[in-house]
Amino acid sequence: NLSYLPPCVCNLAQLQVLTINNNKLVSLPEEIGRLEKLIQLDVSCNEITHLPIQIGDMVSLRSLNVRRNLLVELPKEIAQLKLVSFDCSSNRLSKLPLCFREMVTLIDLVVDHNPLETPPAHVIFY
């Protein structure tokens, strides 16, 4: 039932996997960008309404799961990451940043159950 992630967690410089799904988080601290060795971040099934732009500073991140939150937009800084897997399904996203098409390392992108308008959902799913 965590409602926030204490910023001091972001001082764990050697942390590689952080799983804090199925809680009541409404946001992530800006300090999250300090987790430069983090490979996998799972904050699915929370109540997060926005992601900090500092998420783009997580240079080692390869897997990001923000499924089942309350996100209405994604920061373009995510495109700076070398993600292999990105799940942003079941949010409130109406558009994906155009710069996401530059994410050449991405193998698995899950965006279903969002009211996508840009790009249109039928372009993504077919």
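Per-structure values
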item	result
Test: GLN40 is open to solvent by less than 80 Å² (accessible area, probe 1.4 Å) and without any contact (Cβ under 8 Å) to a residue 40 or more places away in the chain	yes
Unmet requirement for ILE55, which otherwise passes all of (1) within 19 Å of VAL9 (Cα to Cα); (2) among the β-branched types (Val, Ile, Thr); (3) open to solvent by 70 Å² or more (accessible area, probe 1.4 Å)	(3)
Identity of the residue in segment 21-62, outside any helix (DSSP H, G or I) and among the acidic types (Asp, Glu), that ends up farthest from the chain's Cα centre (by Cα)	GLU36
Segment 8-37: number of residues that are open to solvent by less than 20 Å² (accessible area, probe 1.4 Å) and either on the phi > 0 side of the Ramachandran plot or small (Gly, Ala, Ser) (or both)	1
Selected residue (criterion: surrounded by the fewest Cβ atoms within 10 Å (Cβ to Cβ)) from residues of segment 100-126 that are more than 22 Å from GLY56 (Cα to Cα) and at pLDDT 90 or above	PRO115
Residues satisfying the stated conditions in segment 72-99, i.e. surrounded by 19 or more Cβ atoms within 10 Å (Cβ to Cβ) and hydrophobic (A, V, I, L, M, F, W, C)	LEU74, ILE78, LEU81, LEU83, PHE86, CYS88, LEU93, LEU96
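The values are calculated or read from the model by the stated rules, or taken from the named source; none is laboratory data. A quick note: this is a predicted structure, and the numbers were derived from the prediction, not measured. All Cβ positions, even for glycine, are placed from backbone atoms using ideal geometry, and neighbour counts span all protein chains on display. Ligands, DNA and RNA are stripped out before the accessible areas are found, and what is left, the full protein with its side chains, is counted by its heavy atoms. Shrake-Rupley method; radii C 1.70, N 1.55, O 1.52, S 1.80 Å.
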